[in-house]
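We did not get these values from a lab; they are worked out from the coordinates using the rules stated. These numbers come from a predicted model, not from an experiment. Glycine gets a Cβ as well: all are built from the backbone with ideal geometry, and neighbour counts include every protein chain shown.
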Ligand code: BV8
Ligand code: ZN
């Protein structure tokens, strides 16, 4: 059932939220959109307009042209540092305070959930704020970030002090496995949850996109928050067609009026 926002918040969803014992919030790039962070599949802006993210976010792309791929990630990292969490991030941090058994699972590689106060965030696809050697996989410190707004189209990655290989971003690229421990924790939380909030994701990237269906198969109720339709809508008990920065604060205010 699709509810066109802004109001009223579906009363049965408010009840489900208030009485949830084990909630999972599952986020994608849309939750950071109102912070000004481009979503993953939005048309790439500026110098990146001619690349599809899928074409850049792979080990082969990095091996073929490390300077172009490293420049893209450093530009994204600087962009995230120049922005701030939005009301959606803060609402999710507030939700955890109300429902201590809840878990936050994200596909995002930014740190905006943490900067809003969320803890124990499960980053399925890694983080822009970690780096490791492309050759020997040793973790390595990141260099100082680019100046905000800088968009070099090429940037030489720093070298590993142990083997001299190029550093790569600590993200999961297409064709790479998700971190096994993070994936196992995400699956376990999803299988055990009673309410699954799916926020700001096109649900097109696997195996992450499997989680909402797993939750429903295990008996949880599913709510989707996304201004656009998603493949999950048919299985959802509620579809809130609104930006997360509006829908999540409204949901919390309805469930726990001050
Ligand atoms: C793997 C890090 C194999 C890098 C990312 C079936 C099973 C397993 C794999 C596959 C499979 N089918 C295909 C695959 C391969 C592939 C895949 O899924 N391809 C897709 C393109 C079909 N999967 C993989 O390669 C995965 N690895 O499976 O390994 C393997 C197996 C064994 C052994 C070895 C290997 C790895 C996938 C991870 C890729 N890395 N990110 C980086 O960020 O650069 S994925 C990338 O997509 C981001 O993490 C992003 O978060 C994620 C998902 O996208 P969304 O978050 O949903 O973002 P998107 O832009 O699509 O949508 C935004 C949504 O927000 C929209 O719906 C919009 O309407 C909405 N929105 C906008 N504004 C708002 C809003 N919502 C709310 N409020 C708003 N204001
Ligand atoms: Zn190395």
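Tally time: how many residues in the stretch 167-204 are more than 28 Å from residue 136 (Cβ to Cβ) and in a loop (DSSP other than H, G, I, E, B)?
Of all residues in the stretch 167-204, those more than 28 Å from residue 136 (Cβ to Cβ) come to 187-204.
Those left that are additionally in a loop (DSSP other than H, G, I, E, B): 193-194, 200-204.
The qualifying residues number 7.
Would you be able to tell me the number of residues in the stretch 111-157 that are at positive phi and within 16 Å of ligand 1 (Cβ to nearest atom)? I'd like the intermediate steps shown before the answer.
Within the stretch 111-157, the subset at positive phi is 117, 120, 126, 137, 149.
From the residues that got through so far, the ones that are within 16 Å of ligand 1 (Cβ to nearest atom) too are 126, 137.
Selection size over the stretch 111-157: 2.
Within the stretch 138-146, identify whether any single residue is touching a helix residue (DSSP H, G or I) at 6+ places or on another chain (Cβ under 7 Å), within 21 Å of residue 59 (Cα to Cα) and not in a strand (DSSP E or B), and answer yes or no. Spell out the reasoning first.
Step one: of the stretch 138-146, the residues touching a helix residue (DSSP H, G or I) at 6+ places or on another chain (Cβ under 7 Å) are 145-146.
If we keep only those that are within 21 Å of residue 59 (Cα to Cα) too, we end up with none.
No, the stretch 138-146 contains no residue that is touching a helix residue (DSSP H, G or I) at 6+ places or on another chain (Cβ under 7 Å), within 21 Å of residue 59 (Cα to Cα) and not in a strand (DSSP E or B).
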ask   = How many of the residues in the stretch 160-198 are away from ligand 2 (no atom under 16 Å from the Cβ) and either buried (at least 23 other Cβ atoms within 10 Å of the Cβ) or touching a residue at least 40 places away in the same chain (Cβ under 8 Å) (or both)?
value = 21
inquiry  = Going by what's in this entry, would residue 21 be described as surrounded by fewer than 16 Cβ atoms within 10 Å (Cβ to Cβ), touching a strand residue (DSSP E or B) at 6+ places or on another chain (Cβ under 9 Å) and either touching a residue at least 60 places away in the same chain (Cβ under 8 Å) or not in a loop (DSSP other than H, G, I, E, B) (or both)?
reply    = yes
key: Conditions (1) within 19 Å of the chain's Cα centre (by Cα); (2) in contact (Cβ under 8 Å) with a residue 60 or more places away in the chain; (3) surrounded by fewer than 21 Cβ atoms within 10 Å (Cβ to Cβ); number of the one not met by residue 32   = (3)
message = Suppose the filter is touching a residue at least 40 places away in the same chain (Cβ under 8 Å) and either at positive phi or in a helix (DSSP H, G or I) (or both); does residue 254 pass it?
response = yes
Hits in the stretch 123-137 (condition: in a strand (DSSP E or B) and surrounded by fewer than 21 Cβ atoms within 10 Å (Cβ to Cβ)) = 126, 127, 129, 130, 132
